[in-house]
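*Asks:* First the structure, which I've put down as structure tokens, then a few questions once you've had a look.
The values are calculated or read from the model by the stated rules, or taken from the named source; none is laboratory data. What you see is a predicted model, and the numbers here were worked out from it, not measured in a lab. Cβ: placed from backbone, ideal geometry, glycine included. Neighbour counts: every protein chain shown.
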Amino acid sequence: MDVQFVASGFGVGLLVGMTGVGGGSLMTPLLTLMFGVTPAVAVGTDLAFASLTKGVGTFTHRLRGTVHWDIVGRLCLGALPAALLASVALSHFGTLSHQMGQIIRYTIAGSVMLTVVALLFKRKMLAWITAHPERQLQGGALRNATVFTGAVLGVLVTISSIGAGAIGATVLVMLYPRLTAAEVAGTDIAYAVPLTAIAAVGHWWLGSINWTLLLTLLVGSVPGITLGAYAARAVPERLLRAILAVTLVAVAVKLVYS
């Protein structure tokens, strides 16, 4: 078992446990840039990794009653068909070709930068929407916006494995500002389970999952997430998010210009 992959899984798990984000945003670029894994295999393996780890998180949030299943249903209504269509598109264009590999790299870079925006401006966006209640969507408009958001995230996650965490949570805060932080986290994790699972099945069908690598990453990530969750209160959240944002910007630049 490769110690480097175990250590990488532990490090990413530690960050996820402390900040709640950074899983796909760090794991996929890490596999691509540091270990030379092809973009398609990095995405497919990370999706399988995410579906398993988020499944555990959903069970915990369900016990705590912090999942809004009606919102989960609306997100899935858009996300799941979009993930299937994106998988078919990847099959048609060929995930392992050099050209598609480059497209996936650029998509990952774009998703990483969206994550940075979500990390840095989430509180300001929430403050704005709270100060302007007349701008908040209601009724059918809110339902349609939620389904559309799910569709966009479904495509983004299937192609890059990034988007279901920080980006999804930020959009939920904008659409449903009355949700508590725990409810946003629980709902975001719950809808991401079927999304990442379907996307992972699509990549398995395409042959772009490395199962040995997946198991090795899990060996490191499980204790990392657990330790990070306990350490979360001891480390200032703003400092962690700033470090994570700077790291992600560097990763995005490296993906584009490498």
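*Asks:* Name the one entry in Gly24, Gly44 that is modelled with pLDDT of 85 or more, crowded, with 24+ Cβ neighbours inside 10 Å and either part of a helix (DSSP H, G or I) or not basic (Lys, Arg) (or both).
*Replies:* After ruling out the rest, the residue left standing is Gly44.
*Asks:* Do you know which residues across the range 157-183 are surrounded by fewer than 24 Cβ atoms within 10 Å (Cβ to Cβ) and assigned to a helix (DSSP H, G or I)?
*Replies:* Taking the range 157-183 as the starting set, the residues that turn out to be surrounded by fewer than 24 Cβ atoms within 10 Å (Cβ to Cβ) are 169-183.
Across the range 157-183, the qualifying residues are Ala169, Thr170, Val171, Leu172, Val173, Met174, Leu175, Ala181, Ala182, Glu183.
*Asks:* Sticking with this one: Could you please let me know if Phe121 is assigned to a helix (DSSP H, G or I), under 19 Å from Val72 (Cβ atoms) and at pLDDT 75 or above?
*Replies:* Considered against the rule, which asks whether it is assigned to a helix (DSSP H, G or I), under 19 Å from Val72 (Cβ atoms) and at pLDDT 75 or above, Phe121 comes out as no.
*Asks:* Condition first: surrounded by 19 or more Cβ atoms within 10 Å (Cβ to Cβ), in a helix (DSSP H, G or I), modelled with pLDDT of 85 or more and within 12 Å of the chain's Cα centre (by Cα). Can you find one or more residues in the range 135-154 that meet it?
*Replies:* Checked the range 135-154: at least one residue is surrounded by 19 or more Cβ atoms within 10 Å (Cβ to Cβ), in a helix (DSSP H, G or I), modelled with pLDDT of 85 or more and within 12 Å of the chain's Cα centre (by Cα).
*Asks:* Going by what's in this entry, would Ala199 be described as modelled with pLDDT under 85, part of a helix (DSSP H, G or I) and among the small types (Gly, Ala, Ser)?
*Replies:* No, not satisfied.
*Asks:* Report, by residue number, each residue of the range 63-116 that is at pLDDT 75 or above, under 22 Å from Leu175 (Cα atoms), assigned to a helix (DSSP H, G or I) and of a type outside the set (A, V, I, L, M).
*Replies:* Trp69, Asp70, Gly73, Arg74, Cys76, Gly78, Pro81
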